[in-house]
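Engineer: The structure under discussion is supplied below as structure tokens; questions concerning it will follow.
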Amino acid sequence: MDNRSFRAHASGEGTADSGGRNDVEPGGVAGHSWNSAGDNTGYEWLEMPRYASIMVFFGYMAIGVGALTTFHQRRERQLYTSHWFLIAAVFWFPWIYSTANYLLVAKPVRGVLQAALDWWYMNNLSMVWFGCVGYRPIFYFIPKMTSIALQSWARHVCLWGMIIFGSWVALRQEHRCPHGCLL
């Protein structure tokens with residue numbers, strides 16, 4: 001990094017690499033600034049205020065459209081298992097984020113369903129979305145480093161098992177849901 005771009009980066013004016021613009025997502029800035037001022041939803045892992053979550057949702061949808069366009073226009077047609085985990089993560093986050101925001105913030109459900117939906121969102125985010133993002137490099141690098149291809153059934157069982165069963169497991173004991181509310 002040359003001295004000019006370092007000064008621009010340090011002063012917050014953007015870098016020469018980014019064309020002089022600051023690469024900041026406005027929904028995240030609005031959500032975190034108002035969240036620190038006390039304007040949040042009160043739900044664990046879904047603290048962004050309603051107006052900021054709308055901007056975050058559309059920002060992530062733009063990222064998802066760009067990722068799917070890039071995926072569709074790729075020159076190398078061979079797919080690795082890691083690609084399927086990435087595509088699942090691209091679709092999974094907007095779905096769980098919009099569902100949780102709609103049912104907990106925009107048109108809130110009543111009673112114990114709020115705690116159950118908050119648990120469902122946190123579990124989907126931690127088990128399925130972070131799982132897809134985390135397993136992606138594992139399913140790419142291990143077969144590349146060992147030169148052993150994964151069996152087709154093992155790839156499908158891992159991906160679909162995580163998507164189907166990962167959403168509904170691991171109800172934490174300390175969650176604020178009454179005993180047996182999800183049984």
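Engineer: Do you know which of the residues in region 24-44 that are in a helix (DSSP H, G or I) and of a type in the set (A, V, I, L, M) is modelled with the lowest pLDDT?
Structural biologist: Out of the qualifying residues, it is 30.
Engineer: Does any residue of region 79-90 turn out to be over 21 Å from residue 41 (Cα atoms), exposed (fewer than 12 other Cβ atoms within 10 Å of the Cβ) and modelled with pLDDT under 90?
Structural biologist: Of the residues in region 79-90, the ones over 21 Å from residue 41 (Cα atoms) are 79-90.
This time we only want the ones that are exposed (fewer than 12 other Cβ atoms within 10 Å of the Cβ), so: 79.
Right, trim to modelled with pLDDT under 90 and you get 79.
Yes.
Engineer: Only one of (1) under 18 Å from the mean Cα position of the chain (by Cα); (2) farther than 18 Å from residue 160 by Cα fails for residue 131. Which number is that?
Structural biologist: Tallying (1) under 18 Å from the mean Cα position of the chain (by Cα); (2) farther than 18 Å from residue 160 by Cα, residue 131 fails exactly one: (2).
Engineer: Here is a further query. When only residues in region 34-73 that are under 18 Å from residue 125 (Cβ atoms) and of a type in the set (D, E, K, R) count, which is surrounded by the most Cβ atoms within 10 Å (Cβ to Cβ)?
Structural biologist: 47
Engineer: Residues to consider are 49, 108; find the one that is farther than 27 Å from residue 157 by Cα and in contact with a Gly (Cβ under 7 Å, 6 or more places away or on another chain). So that I can check it myself, show each step before the final result.
Structural biologist: Working: 108 fails: in contact with a Gly (Cβ under 7 Å, 6 or more places away or on another chain).
49 is the lone residue from the list that is farther than 27 Å from residue 157 by Cα and in contact with a Gly (Cβ under 7 Å, 6 or more places away or on another chain).
Engineer: Give me the residue from region 39-74 that is among the polar types (S, T, N, Q) and in contact (Cβ under 8 Å) with a residue 12 or more places away in the chain and, out of that set, nearest to residue 129 (Cα to Cα).
Structural biologist: Kept after step one, since they are among the polar types (S, T, N, Q), are these residues of region 39-74: 40-41, 53, 69-70, 73.
Subsequent filtering for residues that are in contact (Cβ under 8 Å) with a residue 12 or more places away in the chain retains 41, 53.
Details: 41: 21, 53: 18 Å.
Here the answer is 53.
Engineer: Quick one: residue 156 ticks every box in (1) without any contact (Cβ under 8 Å) to a residue 12 or more places away in the chain; (2) surrounded by 11 or more Cβ atoms within 10 Å (Cβ to Cβ); (3) under 26 Å from residue 52 (Cβ atoms) bar one, so which box is it?
Structural biologist: Only one criterion in (1) without any contact (Cβ under 8 Å) to a residue 12 or more places away in the chain; (2) surrounded by 11 or more Cβ atoms within 10 Å (Cβ to Cβ); (3) under 26 Å from residue 52 (Cβ atoms) is unmet by residue 156, namely (3).
Engineer: For region 65-82, check the following and say yes or no: at least one residue is within 22 Å of residue 142 (Cβ to Cβ), under 17 Å from the mean Cα position of the chain (by Cα) and not small (Gly, Ala, Ser).
Structural biologist: No, region 65-82 contains no residue that is within 22 Å of residue 142 (Cβ to Cβ), under 17 Å from the mean Cα position of the chain (by Cα) and not small (Gly, Ala, Ser).
Engineer: Are any residues in region 45-64 assigned to a loop (DSSP other than H, G, I, E, B) and either at pLDDT 90 or above or more than 15 Å from the chain's Cα centre (by Cα) (or both), and if so, which ones?
Structural biologist: 49
Engineer: If you don't mind, there's one more thing I want to ask. Listed residues 7, 21, 110; which is at pLDDT 80 or above and more than 23 Å from residue 163 (Cα to Cα)?
Structural biologist: On the way: 7 fails: at pLDDT 80 or above; 21 fails: at pLDDT 80 or above.
None of the other options fit; the residue is 110.
The values are calculated or read from the model by the stated rules, or taken from the named source; none is laboratory data. Keep in mind that what you see is a predicted model, and the values were worked out from it rather than measured. Glycine also receives a Cβ, built like all others from the backbone with ideal geometry; neighbour counts cover every protein chain displayed.
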